[in-house]
Every structure is written in structure tokens, then in C-alpha cells.
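Below is one structure, written out as C-alpha cells, with a few remarks after it.
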Amino acid sequence: MPHQAGLGAALRAARTRRGLSLAQVAEATGISRSLLSLIETGRSDITIGRLNKLSLLYEVKLADLLPEPVHHDSTVVRRTERLGVTSRGEGIDVELLAPEGDRTMNPVLARLAPGGAMEDYVAQPEEEFAIVIEGRARLEFANSDPIELDRGDSAYYRDLGGHRWVNLHDGITRILIVFRRKRAGS
């Protein structure tokens with residue numbers, strides 16, 4: 001993703017705005033202080049799960065951590081204007097599909113490379129909907145049985161202690177995910 005270059009600096013800025021030290025963040029998230037430092041200085045990749053933990057701790061949306069969007073419209077996001085993040089180690093790209101604003105629905109397109117899998121369970125504070133638009137995937141829950149989804153299959157779920165995605169296809173798997181978060185002040 002071309003917009004990922006400033007992610008580490010944005011994470012550092014979000015942490016300092018909250019008045020947190022690396023040690024405090026490490027204790028709260030289970031991410032080592034040294035890895036946090038490497039991520040903040042752009043010398044290490046970050047998993048989607050760790051990014052989620054940090055955004056929840058810092059009380060920011062993923063879009064808040066990415067460069068200012070170049071959207072020319074408050075309704076439409078052109079394919080060439082999508083913001084996103086890549087976790088090379090997990091083989092996952094995630095693109096934001098809606099313009100930033102005061103929204104409760106957050107649609108993303110996840111692309112899992114062959115063998116791609118989320119390392120950590122991601123906890124969403126609300127409900128989530130997903131549909132596999134290409135490939136085959138397993139949706140694993142921390143506190144429930146996994147679900148295998150083929151192309152065209154969808155799932156609607158509330159967070160069950162965290163979840164993660166695994167590509168079961170020998171090619172690329174694409175998943176459209178829409179999750180809901182409370183608005184600020186709700």
C-alpha cells in the first residue's frame with residue numbers, strides 16, 4: 001500500500017497524544033516495547049491484530065492513522081484513492097472503502113495471499129458482516145467454533161472474544177467486511 005509509509009509516525013503521535021509511554025503501551029497490549037519502537041520508526045511490519053489493539057487503546061480509527069485522504073467526494077471513494085495497510089508477514093492487505101467521516105459502518109476489503117493468515121485475534125467492539133467474494137477462508141473465533149466460508153458465503157457475527165481470518169485457497173482470497181463501531185461520544 002502506498003499510504004503505509006507514515007503509519008509508524010502516526011502511531012507514535014497517537015500514543016503521545018494519549019500521554020502513554022512505550023512501556024505502558026507494551027503492558028496494556030502485550031506487544032513488546034522493542035517491537036513498538038521498531039514499528040513507530042518504520043523499521044518493522046505490524047500485524048493487523050496488533051494494529052487493531054493499538055487503535056482501540058489509542059481510541060482512534062484506522063483511517064486516523066493513515067495519510068489525509070485525497071477523496072474528491074464525500075460519498076465516493078475511487079479505486080485509486082483507497083487508503084490501506086499491508087501486513088507483509090501475514091500476507092494481508094486491507095483497504096478502506098468509505099470516505100472518512102462520522103460513520104458507524106466501516107467497510108473494508110481484505111486481500112489474503114496464498115497461505116495468508118492473521119497472526120492475532122482481533123476484537124471488534126460491535127458487530128461485523130463479511131462475505132467472501134473470491135477464494136475460500138476460515139473465520140476462527142477465540143471462544144467459539146471456526147466457520148469455513150467459500151466464495152459467495154457470508155457471515156454476520158458479534159465478536160466472540162476475538163476473531164481472525166485464514167486463507168484456505170491456493171490463490172488469493174478477497175473478503176468484503178463491514179464492521180460497526182460506536183460514534184465518538186456514544
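Any read-out appearing in this document is the output of simple, stated calculations on the displayed coordinates, not a laboratory observation. Note that this is a predicted model, so its numbers are computed, not measured. Please note: Cβ atoms are built from the backbone with ideal geometry, for glycine as well, and neighbour counts cover all protein chains shown.
Listing for the model above:
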item: Whole-angstrom gap from the stretch 123-152 to the stretch 16-61, using each part's C-alpha centre; result: 25 Å
item: For the chain, calculated [θ]222 nm from helices alone, where every DSSP H run of n ≥ 4 adds -39500 (n - 2.57); result: -6000 deg cm²/dmol
item: Cα-based Rg and Dmax for the stretch 2-65, where Dmax is the largest Cα-Cα distance (Å); result: 10.4, 31
item: Cβ-derived FRET efficiency at R0 35 Å, Gln24 paired with Thr75, nearest 0.05; result: 0.35
item: Coordinate range along principal axes, alpha carbons of the chain, Å, largest first; result: 44, 38, 34
item: Residues Thr104, Thr29, Thr86, Thr75 arranged by fewest to most Cβ contacts within 10 Å; result: Thr75, Thr104, Thr29, Thr86
